[in-house]
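Worksheet: the structure to be examined is printed underneath.
The values are calculated or read from the model by the stated rules, or taken from the named source; none is laboratory data. Please read all numbers here as calculations on a predicted model, not as lab measurements. Virtual Cβ from ideal backbone geometry, glycine too; neighbours counted across all protein chains shown.
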Amino acid sequence: MTRETNALPLPPSLYAATAVPPLALPQLETDRNVKVAIIGGGFAGLSTALHLAEQGTDAIVLEANEPGWGASGNNGGQLNPGLKLDPDTIEATFGADLGRRMIAFSYNTPVFTLELIRRLNIACDIRQNGTLRAAYHESHARAVEATASQCIARGMPVRLLDASDCRKMTGTDRYVRAMFDARGGDVHPLNYARGLARAALAAGASIHGATPATSLAREGGRWRITTPRAVVRADKVLLATNGFTDDLWPALRQTVVPLFSSIAATAPLPDDVARQIMPARSVLYESGHITVYYRIDAENRLLMGGRGPMKWIHNANAVSYLMRYAERLWPAVGGIAWTHGWNSRLAMTSDHYPHVHEPAPGLLAYLGCNGRGVALATAMGEQLAKRLTGGETAEIDLPITAIKPIRFHVAWPVGVRSAVLLGRVRDRLGV
């Protein structure tokens, strides 16, 4: 209980270099008794704390480093609607009632996030210029067409683009088909995380940095959480650690694969070049086995993201393939300086759905954003707060499932490398 803990420095991202100053969040020094303890200071944990505090519920956030240190403050900054699976598949899997609620909830998450940011007056370069899901092979185009038709049939603000439309929207002739969803957008994620933390504090929540949870156990009908210098006792607990989930709760870490996703960013582009790339300023992610995603930020920098090394990186040279790909899409990018390269860990699930678990009374876990965490995790904060205050009778718009470890989880690094290699080959071949 006397071990000192220091927060790790932020990854060397463009966001860290351009963000508003961090909040002064001291390590927890004295024991606390609260209604709800939240472990993890990413978007899900911060949003849950905010919504609990706004309802008058006493909540504390325990963060091992600082809010937004993980993927929440280091992602592509895209607000993308929906889940990975198509609406028809979701309804077939979960039934008409829950399936329809899941679809309505997940596709509205960018709107929820945008409205929350505006209500809280968070300065984070928020824009709602739409999301493009783009295909460069006919085989992938069929999947885009299927998704678009299912969304259009449900009355969503979605339209299907042909190759000519894609060229106008992106500035490249790479894509043969794309789905445009007007609800999407982008944000400076670290500024958003810090703004969300500031709003949660103002609403009455407590947040402590450099305060990892080192053990979790039942004690007299409540939960006892140890940290390096103090103990928290809580009626209920939320585990919201996503790609950084450890062994705090048995087998939870084995339910997700913690993949690294990397981003490279340029210096601000010259005006003539910036006008050629994504002129409508929509964000884009590719439909393929290995996803590449990108956007132009508020300062006309190009941010290219995708799979990279399964280890921490510190500059753009570590993901040079993203720079080469950018030049293939837009030759005018050649010669532009790439100033930053960084990554962080995402949590992927075997079924590609986000997971909500209740493995014990008063214990809730949320993880597995599968690369859609900015808007999804934000909106889940309201849902998780509802469940934490209302208990088992409080219905939310995602299924609550049992913890099911992934088979052969210990071999995930080898499996990921093999899957990425195979995916890249299949994407090149269009199969």
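A few points about this structure:
- Pairs, first in contact (Cβ under 8 Å) with a residue 12 or more places away in the chain in region 320-339, second surrounded by 13 or more Cβ atoms within 10 Å (Cβ to Cβ) and among the charged types (D, E, K, R), C-beta under 7 Å, six or more apart: Leu329/Arg174; Val333/Glu327
- Yes/no for Thr57 being part of a loop (DSSP other than H, G, I, E, B), under 17 Å from Glu382 (Cβ atoms) and either among the small types (Gly, Ala, Ser) or more than 16 Å from the chain's Cα centre (by Cα) (or both): yes
- Annotation note: of Ala217, Ala251, Ala234, Ala265, the sole residue that is farther than 21 Å from Asn33 by Cα, at pLDDT 95 or above and part of a strand (DSSP E or B) is Ala265.
- Residues that are outside any loop (DSSP other than H, G, I, E, B), in contact with a helix residue (DSSP H, G or I) (Cβ under 6 Å, 6 or more places away or on another chain) and within 30 Å of Gly195 (Cα to Cα), drawn from region 85-130: Met102, Ile103, Thr109, Pro110, Phe112, Thr113, Leu120
- Qualifying residue in region 216-234 (condition: among the hydrophobic types (A, V, I, L, M, F, W, C), surrounded by 19 or more Cβ atoms within 10 Å (Cβ to Cβ), under 23 Å from the mean Cα position of the chain (by Cα) and under 23 Å from Leu384 (Cβ atoms)): no
- Tallying residues that are within 27 Å of Val292 (Cα to Cα) and hydroxyl-bearing (Ser, Thr, Tyr) within region 369-408 yields 1.
- Qualifying positions in region 350-369 - closer than 23 Å to Gly184 by Cα and surrounded by fewer than 22 Cβ atoms within 10 Å (Cβ to Cβ): His352, Tyr353
- Some residue of region 387-402 being closer than 21 Å to Ile38 by Cα, of a type in the set (A, V, I, L, M, F, W, C) and in contact (Cβ under 8 Å) with a residue 60 or more places away in the chain: yes
- Residues being of a type in the set (Ser, Thr, Tyr), buried (at least 24 other Cβ atoms within 10 Å of the Cβ) and in a loop (DSSP other than H, G, I, E, B) - total across region 6-49: 0
- Answer residue from region 270-292, given it is under 26 Å from Arg177 (Cβ atoms) and without any contact (Cβ under 8 Å) to a residue 40 or more places away in the chain and is surrounded by the fewest Cβ atoms within 10 Å (Cβ to Cβ) among those: Arg275
- Strands (runs of 3 or more DSSP E) within region 322-431 that include 1 or more residues of a type in the set (A, V, I, L, M, F, W, C) and at pLDDT below 95: 338-348
- Any hit, region 257-269, residues being more than 21 Å from the chain's Cα centre (by Cα) and buried (at least 20 other Cβ atoms within 10 Å of the Cβ): yes
- The set of residues from region 2-21 being at pLDDT 95 or above and of a type in the set (S, T, N, Q) comprises Ser13, Thr18.
- Any hit, region 381-390, residues being of a type in the set (S, T, N, Q) and loosely packed, with under 15 Cβ neighbours inside 10 Å: no
- Listing of helices (runs of 4 or more DSSP H) fully contained in region 131-206 that carry 1 or more residues being crowded, with 23+ Cβ neighbours inside 10 Å and either over 24 Å from the mean Cα position of the chain (by Cα) or modelled with pLDDT of 95 or more (or both): 163-170, 189-203
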